[in-house]
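Worksheet for the structure shown next.
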Amino acid sequence: MKKTVLSVLFLMICVLSLRAQPPQSILVKDASKHIGKTVIICDSVYSIKKTDKNSLLILGDKSSPVLLTLAVNKVNRAKFTKDPIELFKNKKICVTGEITQYNGQLQIEINESQQIIIANPIGFPVAQAKDDFVYTNVEVMPDFNGGIPAFYRYMADHINYPESARIAGISGRILAKFIVEKDGSITNIEIIRGLSKDCDEEALRVLKAMPKFIPGTQNGEKVRCYYTVPLMMVAKDKIN
(Lines give C-alpha, C1' and ligand atoms only; values in the text may rest on other atoms or scores of the structure.)
Protein backbone atom coordinates (compact mmCIF):
# COMPACT_ATOMS: atom_id res chain seq x y z
CA MET A 1 0.00 0.00 0.00
CA LYS A 2 2.77 2.42 0.96
CA LYS A 3 4.64 1.65 -2.27
CA THR A 4 1.46 2.26 -4.28
CA VAL A 5 0.89 5.65 -2.61
CA LEU A 6 4.51 6.61 -3.22
CA SER A 7 4.29 5.49 -6.85
CA VAL A 8 1.18 7.57 -7.47
CA LEU A 9 2.76 10.59 -5.77
CA PHE A 10 5.94 10.08 -7.80
CA LEU A 11 3.95 9.96 -11.04
CA MET A 12 1.81 13.02 -10.25
CA ILE A 13 4.78 15.20 -9.36
CA CYS A 14 6.78 14.13 -12.39
CA VAL A 15 4.01 14.58 -14.93
CA LEU A 16 2.24 17.64 -13.52
CA SER A 17 5.16 19.61 -12.13
CA LEU A 18 8.11 18.83 -14.34
CA ARG A 19 6.68 18.23 -17.80
CA ALA A 20 10.20 16.94 -18.45
CA GLN A 21 11.80 17.49 -21.81
CA PRO A 22 15.45 17.42 -22.81
CA PRO A 23 17.12 20.84 -22.45
CA GLN A 24 16.64 23.08 -25.48
CA SER A 25 19.59 23.38 -27.84
CA ILE A 26 20.42 27.03 -28.55
CA LEU A 27 23.07 29.21 -30.20
CA VAL A 28 25.48 31.38 -28.24
CA LYS A 29 23.99 34.51 -29.83
CA ASP A 30 20.62 33.65 -28.24
CA ALA A 31 22.00 32.91 -24.76
CA SER A 32 20.74 36.19 -23.25
CA LYS A 33 17.15 35.07 -23.93
CA HIS A 34 17.59 31.99 -21.76
CA ILE A 35 19.08 33.33 -18.50
CA GLY A 36 18.05 31.06 -15.63
CA LYS A 37 17.31 28.12 -17.93
CA THR A 38 19.21 24.88 -18.46
CA VAL A 39 20.17 24.56 -22.12
CA ILE A 40 22.58 22.82 -24.48
CA ILE A 41 25.03 24.99 -26.43
CA CYS A 42 27.44 23.66 -29.06
CA ASP A 43 30.16 26.01 -30.31
CA SER A 44 33.91 26.49 -30.61
CA VAL A 45 36.16 27.51 -27.74
CA TYR A 46 37.12 31.00 -28.94
CA SER A 47 39.59 31.87 -26.19
CA ILE A 48 40.77 30.67 -22.79
CA LYS A 49 41.91 32.23 -19.54
CA LYS A 50 43.17 30.74 -16.29
CA THR A 51 43.12 32.52 -12.94
CA ASP A 52 43.88 31.35 -9.41
CA LYS A 53 40.18 30.68 -8.87
CA ASN A 54 38.84 29.63 -12.27
CA SER A 55 39.52 28.05 -15.64
CA LEU A 56 37.56 30.10 -18.18
CA LEU A 57 36.59 28.90 -21.65
CA ILE A 58 34.96 31.45 -23.95
CA LEU A 59 32.48 30.11 -26.52
CA GLY A 60 31.74 31.95 -29.75
CA ASP A 61 33.78 33.45 -32.59
CA LYS A 62 35.25 36.73 -33.75
CA SER A 63 32.15 37.70 -35.70
CA SER A 64 29.76 36.97 -32.84
CA PRO A 65 28.49 39.97 -30.83
CA VAL A 66 27.75 37.61 -27.93
CA LEU A 67 30.23 35.39 -26.09
CA LEU A 68 29.54 32.84 -23.37
CA THR A 69 31.98 32.07 -20.55
CA LEU A 70 32.27 28.56 -19.14
CA ALA A 71 33.62 28.87 -15.62
CA VAL A 72 35.23 25.93 -13.80
CA ASN A 73 36.34 26.84 -10.29
CA LYS A 74 39.43 25.46 -8.56
CA VAL A 75 37.50 22.79 -6.63
CA ASN A 76 35.62 21.47 -9.65
CA ARG A 77 38.75 21.39 -11.84
CA ALA A 78 39.75 18.29 -9.87
CA LYS A 79 36.78 16.41 -11.38
CA PHE A 80 38.42 16.52 -14.83
CA THR A 81 41.28 14.26 -15.97
CA LYS A 82 43.18 17.42 -16.97
CA ASP A 83 42.57 21.12 -16.64
CA PRO A 84 39.52 21.89 -18.85
CA ILE A 85 41.64 24.44 -20.73
CA GLU A 86 43.99 21.66 -21.87
CA LEU A 87 41.12 19.30 -22.69
CA PHE A 88 38.99 21.66 -24.75
CA LYS A 89 41.31 24.32 -26.18
CA ASN A 90 40.59 24.89 -29.91
CA LYS A 91 37.81 22.30 -29.92
CA LYS A 92 34.12 22.46 -30.67
CA ILE A 93 32.24 21.39 -27.56
CA CYS A 94 28.68 20.89 -26.38
CA VAL A 95 27.79 22.18 -22.94
CA THR A 96 24.74 21.45 -20.80
CA GLY A 97 24.05 23.87 -17.97
CA GLU A 98 22.16 26.85 -16.57
CA ILE A 99 22.87 30.23 -18.09
CA THR A 100 23.52 32.99 -15.56
CA GLN A 101 24.84 36.54 -15.68
CA TYR A 102 27.89 37.62 -13.67
CA ASN A 103 29.20 41.19 -13.81
CA GLY A 104 27.24 41.70 -17.00
CA GLN A 105 28.76 38.63 -18.69
CA LEU A 106 26.81 35.54 -19.72
CA GLN A 107 28.20 32.35 -18.23
CA ILE A 108 27.60 28.71 -17.37
CA GLU A 109 29.26 27.40 -14.23
CA ILE A 110 30.57 23.89 -14.77
CA ASN A 111 30.21 21.68 -11.69
CA GLU A 112 30.55 18.23 -13.28
CA SER A 113 32.79 16.94 -16.07
CA GLN A 114 29.74 15.36 -17.76
CA GLN A 115 28.41 18.83 -18.56
CA ILE A 116 30.98 19.17 -21.38
CA ILE A 117 31.54 16.81 -24.30
CA ILE A 118 33.62 17.24 -27.43
CA ALA A 119 31.13 17.75 -30.25
CA ASN A 120 33.00 15.65 -32.80
CA PRO A 121 35.72 13.34 -31.48
CA ILE A 122 39.11 13.93 -33.13
CA GLY A 123 40.97 10.97 -34.59
CA PHE A 124 38.07 8.94 -35.97
CA PRO A 125 38.03 8.20 -39.70
CA VAL A 126 35.33 10.31 -41.41
CA ALA A 127 32.94 7.40 -41.95
CA GLN A 128 33.32 6.21 -38.37
CA ALA A 129 32.92 9.70 -36.96
CA LYS A 130 29.57 10.07 -38.73
CA ASP A 131 28.40 6.69 -37.47
CA ASP A 132 29.56 7.27 -33.88
CA PHE A 133 28.53 10.91 -33.53
CA VAL A 134 26.07 11.56 -30.71
CA TYR A 135 23.64 14.42 -31.30
CA THR A 136 22.38 16.69 -28.56
CA ASN A 137 19.35 17.88 -30.54
CA VAL A 138 17.73 16.42 -33.65
CA GLU A 139 14.71 17.08 -35.84
CA VAL A 140 12.72 14.32 -34.13
CA MET A 141 13.91 13.68 -30.57
CA PRO A 142 13.90 10.16 -29.08
CA ASP A 143 10.76 9.27 -27.18
CA PHE A 144 9.51 6.61 -24.80
CA ASN A 145 6.71 4.48 -26.21
CA GLY A 146 3.58 6.33 -25.08
CA GLY A 147 5.46 9.58 -24.47
CA ILE A 148 6.59 11.31 -21.26
CA PRO A 149 3.49 10.29 -19.21
CA ALA A 150 4.18 6.62 -20.03
CA PHE A 151 7.85 7.06 -19.13
CA TYR A 152 7.02 8.41 -15.67
CA ARG A 153 4.34 5.78 -15.19
CA TYR A 154 6.99 3.16 -15.88
CA MET A 155 9.38 4.79 -13.42
CA ALA A 156 6.67 5.03 -10.75
CA ASP A 157 5.81 1.33 -11.16
CA HIS A 158 9.41 0.17 -10.88
CA ILE A 159 11.11 2.54 -8.43
CA ASN A 160 11.63 1.05 -4.96
CA TYR A 161 12.17 4.08 -2.76
CA PRO A 162 15.30 3.39 -0.66
CA GLU A 163 14.59 2.75 3.00
CA SER A 164 17.61 4.85 4.00
CA ALA A 165 16.19 7.84 2.11
CA ARG A 166 12.75 7.29 3.61
CA ILE A 167 14.16 7.25 7.15
CA ALA A 168 16.21 10.38 6.50
CA GLY A 169 13.27 12.11 4.81
CA ILE A 170 15.33 12.65 1.64
CA SER A 171 13.42 13.73 -1.43
CA GLY A 172 14.17 15.84 -4.47
CA ARG A 173 15.22 15.75 -8.08
CA ILE A 174 17.78 13.56 -9.81
CA LEU A 175 18.99 14.62 -13.25
CA ALA A 176 19.96 11.71 -15.49
CA LYS A 177 21.48 11.62 -18.96
CA PHE A 178 21.85 8.74 -21.39
CA ILE A 179 22.27 7.97 -25.08
CA VAL A 180 19.39 6.59 -27.10
CA GLU A 181 21.03 4.41 -29.73
CA LYS A 182 19.82 3.96 -33.30
CA ASP A 183 17.99 0.77 -32.29
CA GLY A 184 16.33 2.53 -29.33
CA SER A 185 18.48 0.86 -26.67
CA ILE A 186 19.80 2.94 -23.77
CA THR A 187 23.54 3.28 -23.13
CA ASN A 188 25.97 5.50 -21.21
CA ILE A 189 23.56 6.25 -18.38
CA GLU A 190 24.89 8.93 -16.05
CA ILE A 191 23.58 10.78 -13.03
CA ILE A 192 24.40 14.43 -13.72
CA ARG A 193 22.88 15.72 -10.50
CA GLY A 194 22.38 13.22 -7.69
CA LEU A 195 20.33 13.13 -4.51
CA SER A 196 21.88 10.43 -2.33
CA LYS A 197 23.94 7.31 -2.96
CA ASP A 198 20.98 4.94 -2.52
CA CYS A 199 18.55 7.13 -4.51
CA ASP A 200 21.05 7.50 -7.35
CA GLU A 201 21.71 3.75 -7.45
CA GLU A 202 17.98 2.99 -7.52
CA ALA A 203 17.43 5.46 -10.37
CA LEU A 204 20.29 3.87 -12.32
CA ARG A 205 18.90 0.37 -11.70
CA VAL A 206 15.50 1.27 -13.14
CA LEU A 207 16.91 3.25 -16.06
CA LYS A 208 19.17 0.34 -17.05
CA ALA A 209 16.16 -1.99 -17.15
CA MET A 210 14.02 0.32 -19.31
CA PRO A 211 12.51 -0.98 -22.54
CA LYS A 212 13.79 0.49 -25.78
CA PHE A 213 12.93 4.04 -26.79
CA ILE A 214 11.79 5.22 -30.19
CA PRO A 215 15.11 6.51 -31.60
CA GLY A 216 15.65 10.08 -32.74
CA THR A 217 15.93 10.94 -36.43
CA GLN A 218 17.87 13.53 -38.41
CA ASN A 219 17.20 14.04 -42.13
CA GLY A 220 15.00 10.95 -42.04
CA GLU A 221 17.75 8.71 -40.61
CA LYS A 222 17.92 7.15 -37.17
CA VAL A 223 20.78 8.63 -35.14
CA ARG A 224 22.38 8.39 -31.71
CA CYS A 225 21.15 11.13 -29.42
CA TYR A 226 21.65 12.32 -25.85
CA TYR A 227 18.54 12.43 -23.69
CA THR A 228 18.39 14.25 -20.37
CA VAL A 229 15.54 13.73 -17.95
CA PRO A 230 14.71 14.83 -14.38
CA LEU A 231 13.44 12.21 -11.94
CA MET A 232 11.63 13.10 -8.73
CA MET A 233 12.29 10.94 -5.69
CA VAL A 234 9.64 11.72 -3.08
CA ALA A 235 8.99 10.10 0.30
CA LYS A 236 5.44 10.48 1.57
CA ASP A 237 6.56 10.68 5.18
CA LYS A 238 9.66 10.48 7.33
CA ILE A 239 10.01 7.44 9.55
CA ASN A 240 11.33 8.24 13.02
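The values are calculated or read from the model by the stated rules, or taken from the named source; none is laboratory data. Being a predicted model, the structure only gives us computed values, none of them experimental. Every residue, glycine among them, receives a Cβ derived from its backbone with ideal geometry; neighbour counts consider all protein chains shown.
Taking the stated definitions as given, is residue 131 closer than 30 Å to residue 92 by Cα, touching a strand residue (DSSP E or B) at 6+ places or on another chain (Cβ under 9 Å) and at pLDDT 85 or above?
no
Give the residues of the range 68-93 that are assigned to a helix (DSSP H, G or I) and within 20 Å of the chain's Cα centre (by Cα), sorted by residue number.
76, 77, 84, 87, 88 - these are the residues of the range 68-93 that are assigned to a helix (DSSP H, G or I) and within 20 Å of the chain's Cα centre (by Cα).
Inside the range 133-152, can you point out the residues that are crowded, with 18+ Cβ neighbours inside 10 Å and either of a type in the set (Val, Ile, Thr) or assigned to a helix (DSSP H, G or I) (or both)?
134, 136, 138, 151, 152
The conditions are (1) surrounded by 16 or more Cβ atoms within 10 Å (Cβ to Cβ); (2) part of a helix (DSSP H, G or I); (3) at pLDDT below 80, and residue 22 fails exactly one of them. Which is it?
(2)
Condition test on residue 47, is it under 28 Å from residue 188 (Cα atoms), part of a strand (DSSP E or B) and of a type in the set (Ser, Thr, Tyr)?
Against the criterion (under 28 Å from residue 188 (Cα atoms), part of a strand (DSSP E or B) and of a type in the set (Ser, Thr, Tyr)), residue 47 does not qualify.
Among the residues of the range 76-113 satisfying the criterion of being of a type in the set (A, V, I, L, M) and under 24 Å from residue 34 (Cα atoms), which is surrounded by the fewest Cβ atoms within 10 Å (Cβ to Cβ)?
106
Those residues that are over 18 Å from the mean Cα position of the chain (by Cα) and surrounded by 17 or more Cβ atoms within 10 Å (Cβ to Cβ), I need them from the range 185-201; list them, please.
Within the range 185-201, 198 is the sole residue that qualifies.
Do you know which residues across the range 206-223 are assigned to a loop (DSSP other than H, G, I, E, B) and at negative phi?
Within the range 206-223, 209, 210, 211, 212, 213, 215 qualify.
Residues are listed down the side, and each one gets a yes or a no for (1) under 25 Å from residue 218 (Cα atoms); (2) modelled with pLDDT under 85; (3) among the small types (Gly, Ala, Ser):
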residue: 140; (1), (2), (3): yes, no, no
residue: 149; (1), (2), (3): yes, no, no
residue: 160; (1), (2), (3): no, no, no
residue: 168; (1), (2), (3): no, no, yes
residue: 180; (1), (2), (3): yes, no, no
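So which pairs qualify, if the first residue must be in the range 50-61 and assigned to a loop (DSSP other than H, G, I, E, B), the second must be buried (at least 19 other Cβ atoms within 10 Å of the Cβ) and among the charged types (D, E, K, R), the Cβ gap must be under 9 Å, and the two must be at least 6 apart or on different chains?
60/43; 61/43
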